[in-house]
Amino acid sequence: MKIGILAWECEDEDELESLIITQVAHDRGHDSVFFGINDITCAAVSGGGVPQIRGEAASTFDVIVSRAHLGYQWRGTAEALYLLSSVPDLVMLDSATPHIRSVSKFAMIHRLTQVGVPTQPTRSCSSIADFEAACAEWGSTVVKPSIGFGGHDVERFLDGDDEKGRLKVGDLLKTYGTLLCQPYFPHSGVLRVTTIGDQPSVSFNQVTGDDGWKPNHGHKWVYHAEDDEEYCACCTPRVKRLRNEMVDPKPEMVDLALRAAAAMELSMAGVDIIESDGQAMVLEVNACPGFSSLQSDLRTKIGEEIVQLAEERVKSVR
């Protein structure tokens, strides 16, 4: 089987998750190719053009495991994903539509709402007046960009629309144009349930700040093989990434995560869940979930599960 592993970002030649999947595929006897978005091109043929991966016809691959990150410059990545998704008989984990739908928080929340998966009430915010209206309705309010990652520019306003809050939201509106507004539900920690296919994989409580509400605080983590640790690329002195706490979640949490992943039609997902006043709700359903912060044996376990899923999907269409 010829398997392509599409990395998180085009310059991420040391992205740990993709490297693990590539190595596992190689160890299982497959022809594994690690590549980035910039390696996807269109080659001229008689009568038109066809997609290539590192100069090879994409049609020569059996399956692509995509960890591509849309990020803020998402247009080129979305175009490349749709280009690969249009190749006949090429299995995509996952194809462009479910991948992009999960990256857009507006689209994700709408989809979860349609199928009855509990999530947060959400409204769009395109002006300070919209922010003030949300605070008037909910009191403590969270704002965030629809397309974002790692907790970047996710802000909580416990005091509603005070002057400081309005100034901050004004700055975010200049950057993004439109934001999500959601009520803040008090909680401690965030449960991440990783799903592969229709089965749960590793689950853990995500490391949060001292106030326990947001797992990520804008760090860019870089893996260092010499000590098997990740460190923030921007912090001086170096800040080491803490390991997440492994848990055995309650069956109802696993069921909620599987329902959410199925609703988003994702083959691989990281479902983030909180509990507030006894009520569980899905915060996000993340495509191509990260697992670099886990212990080495768990990272390998997830890599093996992903490659096994790729094998099963290829077998089912051959």
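The values are calculated or read from the model by the stated rules, or taken from the named source; none is laboratory data. For clarity, every value in this text was computed on a predicted model and none was experimentally measured. Reconstructed Cβ throughout: ideal geometry from the backbone, glycine too, with neighbour counts over all protein chains shown.
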message: Cβ-Cβ distance below 7 Å, separation of 6 or more or different chains: which pairs start in region 286-297 with a residue that is modelled with pLDDT under 90 and end on one that is crowded, with 17+ Cβ neighbours inside 10 Å and assigned to a loop (DSSP other than H, G, I, E, B)?
response: 288/67; 293/244; 294/244
field: Pick from region 44-102, criterion assigned to a helix (DSSP H, G or I) and polar (S, T, N, Q), ranking: nearest to residue 8 (Cα to Cα)
entry: 77
task: Sort out which residues of region 1-40 are in a helix (DSSP H, G or I) and farther than 15 Å from residue 303 by Cα, and write them in order of number.
output: 37, 38, 39
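Only one of 89, 62 is buried (at least 16 other Cβ atoms within 10 Å of the Cβ) and acidic (Asp, Glu); which?
Testing whether each residue is buried (at least 16 other Cβ atoms within 10 Å of the Cβ) and acidic (Asp, Glu) leaves just 62.
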Single residue of region 125-157 satisfying the filter (among the β-branched types (Val, Ile, Thr) and within 26 Å of the chain's Cα centre (by Cα)) that is farthest from residue 102 (Cα to Cα): 141
- request: Looking only at region 259-268, decide whether some residue is in a strand (DSSP E or B) and either in contact with a helix residue (DSSP H, G or I) (Cβ under 9 Å, 6 or more places away or on another chain) or modelled with pLDDT of 95 or more (or both).
  value: yes
task: Evaluate the following for residue 311: is it modelled with pLDDT under 90 and acidic (Asp, Glu)?
output: no
query: So which of 131, 157, 149 ends up being at pLDDT 95 or above and aromatic (Phe, Trp, Tyr)?
result: 131
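Restricting to region 282-297, give me the number of residues that are charged (D, E, K, R) and farther than 22 Å from residue 99 by Cα.
Final tally of qualifying residues: 1.
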- line: Of the candidates 41, 77, the one satisfying the condition of being more than 23 Å from the chain's Cα centre (by Cα), over 22 Å from residue 308 (Cβ atoms) and not aromatic (Phe, Trp, Tyr) is 41
- prompt: Which residue pairs have Cβ atoms under 7 Å apart, sit 6 or more places apart or on different chains, and have a first residue in region 248-267 that is over 24 Å from residue 104 (Cβ atoms) and a second that is not small (Gly, Ala, Ser)?
  reply: 249/191; 249/193; 253/191; 253/193; 253/273; 254/193; 254/200
statement: Counted residues in region 115-131 being of a type outside the set (Gly, Ala, Ser), within 15 Å of residue 264 (Cβ to Cβ) and either in a loop (DSSP other than H, G, I, E, B) or in contact with a Cys (Cβ under 8 Å, 6 or more places away or on another chain) (or both) come to 2
